[in-house]
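To keep things clear, I will list the structure first and then write my remarks on it.
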Amino acid sequence: MRLSRYFLPVLKETPAEAQIASHRLMLRAGMIKQSSAGIYSWLPLGYKILKKIENIVHEEQVRAGHIPMLMPTLQSADLWKESGRYDAYGPEMLRIRDRQDRDMLYGPTNEEMITDIFRSYVRSYKDLPLTLYHIQWKFRDEIRPRFGVMRGREFLMKDGYTFDLTKEDALHAYNRHLVSYLRSYERMGLQAIPMRADSGPIGGDDTHEFLVLAETGESEVFYDSEITDLTFGEREIDYDSVEQCQAVMEEFTSRYARTDETHDEAVWADVPEDRRRVARGIEVGQIFYFGTKYSEPMGAVVQGPDGKQVPVHMGSHGIGVSRLMGAIIEANHDDKGIIWPEGVTPFDVGIVNLKSGDEEADAACEALYASFVKLGLDPLYDDRNERAGGKFATMDLIGLPWRITVGPRGLKNGVVELTSRRTGESEELPPEEAVAKIAAIYGKQ
Ligand code: ATP
Ligand code: MG
């Protein structure tokens, strides 16, 4: 992309309404525009990153054997009356009446709808296990939408639903989700710690929330410091293996890590004092096993091996796709702007032309641009006729992890400058070597 042809409405001023860094930076970098409280338009740069996050979530769900689909945003109230949640949900649910006077709602979640789909088609235990998921906009009429996309009213969520014959199988599905979530967050450059959570109004026996540590997080968290040393890394996992998934589950959840809702002073006292940490965290996902809570009242039953009809064991598993963008920025920024991890960066590399209009500099930039495109990489070339200082400020603000600076002086010596956004370190090297280095970083050789 050439910046002169892109739509990147960066703001010079710091917007007064934004209280936290991620919200400020998303507005300043021209990523989002508020349309009404807690509802945003995703401008091209923000949209591009949203799609990257979404794509990582999709890839890791499919890798775990889970099946993508799509359910609508608007739902009929009838199913919610059946489950009993139409009255229970309260004012967070946006209720709508259509022209035929039918009660509708903008879905805050999809347990009822997926249970209805399941009971319409699945009859036998032989069709289990089954995990269906979608990534769809949700609406919750939050009393205090704030912090930009972190607590929106309209937000993008991945929600997956598991159907199993037994509790044991459902817990394998639970562990599978835990593993796939750890992988997803790490690919986004994030450490998200599974913490024992409270099942709240959805109800259930087992639930963990995934929290990213950040001062601006809304939850107070208590954890054993050993937990932050754990990484999932590059290990290969067989998602069908009950033992392998359970081993990961045990590894990542055996140390003390809880939100304030489940914090227990008596158990906490057993953690060695020098390892006790109290901090704040952002909830970026949650996994839930809730048994037959919906399948029973809604008649989601299958014929078991013994011929008897039994309600299926269910779980629901969510990732806050749009909130993640805020969480990633909270964890990766400095006073100049965002610092994208390579896994989610909107463009792989920025090219800054120090002297647009100079024949040699223009040609060198064009050649770099063409080389990256040929390698399947996605460069952003600042070809505008602007001061170098302004170009650097824009690149730092939007946070591409790598920048190549091209100017007549360097070109005389046959070199360009390659700069890491994270460390600020630069090196001079011939253009071909700069390309090779970037290609290697993104595994494109
Ligand atoms: P919270 O406690 O933050 O209100 P929740 O526990 O009610 O969230 P879930 O039902 O667990 O939310 O939804 C799954 C995920 O969707 C959450 O882990 C979170 O990342 C995201 N999410 C929930 N509410 C919002 C919101 N208002 N704006 C953005 N993301 C949200
Ligand atoms: Mg939750």
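The values are calculated or read from the model by the stated rules, or taken from the named source; none is laboratory data. Note that this is a predicted model, so its numbers are computed, not measured. A quick note on method: Cβ atoms are made from the backbone with ideal geometry, for glycine too, and the neighbour counts reach across all protein chains shown. Note: accessible area is taken over every heavy atom of the protein model, side chains too, but ligands, DNA and RNA are not part of it. Shrake-Rupley method; radii C 1.70, N 1.55, O 1.52, S 1.80 Å.
Taking the range 87-107 as the range and being out of contact with any Leu (no Cβ under 8 Å at 6 or more places or on another chain) and buried (at least 16 other Cβ atoms within 10 Å of the Cβ) as the test, only Tyr89 passes. Among the residues making up the range 249-267, those that are surrounded by 15 or more Cβ atoms within 10 Å (Cβ to Cβ) and more than 16 Å from ligand 1 (Cβ to nearest atom) are Met249, Phe252, Thr253, Arg255, Tyr256.
Would you say Arg277 is in the same structural domain as Tyr174 (by TED's automatic domain parsing), among the basic types (Lys, Arg), closer than 29 Å to Ile329 by Cβ and modelled with pLDDT under 95? So Arg277 does not fit the description; no.
Scanning the range 128-141 for residues that are in contact with a strand residue (DSSP E or B) (Cβ under 7 Å, 6 or more places away or on another chain) and open to solvent by 30 Å² or more (accessible area, probe 1.4 Å) gives Pro129, Leu130, Trp137, Asp141.
Please find, within the range 176-229, the residue that is surrounded by the most Cβ atoms within 10 Å (Cβ to Cβ) out of those that are more than 18 Å from Ile287 (Cβ to Cβ) and within 16 Å of ligand 2 (Cβ to nearest atom). My answer is Gly217. Check whether at least one residue in the range 319-340 is within 16 Å of ligand 2 (Cβ to nearest atom) and of a type in the set (Lys, Arg), and report yes or no. Scanning the range 319-340, I find at least one residue that is within 16 Å of ligand 2 (Cβ to nearest atom) and of a type in the set (Lys, Arg), so the answer is yes. Among the residues of the range 124-175, those that are more than 16 Å from ligand 2 (Cβ to nearest atom), part of a helix (DSSP H, G or I) and not aliphatic (A, V, I, L, M) comprise Tyr125, Lys126, Asp127, Gly148, Lys167, Glu168, Asp169, His172, Asn175.
If you go through the range 271-288 and keep only what is crowded, with 22+ Cβ neighbours inside 10 Å and out of contact with any Ser or Thr (no Cβ under 7 Å at 6 or more places or on another chain), you end up with Ile282, Val284, Gly285. Taking the range 351-379 as the range and being within 19 Å of Gly414 (Cα to Cα) and in a strand (DSSP E or B) as the test, the residues that pass are Ile351, Val352, Asn353.
In the range 261-292, what residues are within 29 Å of Leu165 (Cα to Cα), away from ligand 2 (no atom under 16 Å from the Cβ) and in contact (Cβ under 8 Å) with a residue 24 or more places away in the chain? Within the range 261-292, Gly291 is the sole residue that qualifies.
Residues that are within 16 Å of ligand 2 (Cβ to nearest atom), of a type in the set (Phe, Trp, Tyr) and closer than 25 Å to Thr131 by Cβ are absent from the range 234-242 altogether. Looking across the range 305-337, the residues that are among the acidic types (Asp, Glu) and either more than 19 Å from Ser22 (Cα to Cα) or surrounded by 20 or more Cβ atoms within 10 Å (Cβ to Cβ) (or both) come down to Asp306, Glu330.
Taking the range 338-355 as the range and being closer than 17 Å to Arg183 by Cα and either among the basic types (Lys, Arg) or open to solvent by less than 20 Å² (accessible area, probe 1.4 Å) (or both) as the test, the residues that pass are Pro341, Val344.
Being crowded, with 18+ Cβ neighbours inside 10 Å, more than 16 Å from ligand 2 (Cβ to nearest atom) and of a type in the set (A, V, I, L, M) is the requirement here; does Ile117 meet it? Answer is no for this residue.
Total residues in the range 1-58 satisfying the condition of being modelled with pLDDT of 95 or more, part of a loop (DSSP other than H, G, I, E, B) and under 22 Å from the mean Cα position of the chain (by Cα): the figure is 7. Scanning the range 293-338 for residues that are touching a residue at least 40 places away in the same chain (Cβ under 8 Å) and polar (S, T, N, Q), which turns out nearest to ligand 1 (Cβ to nearest atom)? Checking each candidate, the answer is Ser322.
Scanning the range 302-346 for residues that are out of contact with any helix residue (DSSP H, G or I) (no Cβ under 8 Å at 6 or more places or on another chain), farther than 26 Å from Ile287 by Cα and assigned to a loop (DSSP other than H, G, I, E, B) yields Asp306, Gly307, Lys308, Asp335, Ile339. Quick check, is Ser35 open to solvent by 50 Å² or more (accessible area, probe 1.4 Å), in contact with a strand residue (DSSP E or B) (Cβ under 8 Å, 6 or more places away or on another chain) and either at negative phi or away from ligand 1 (no atom under 16 Å from the Cβ) (or both)? Answer is yes for this residue.
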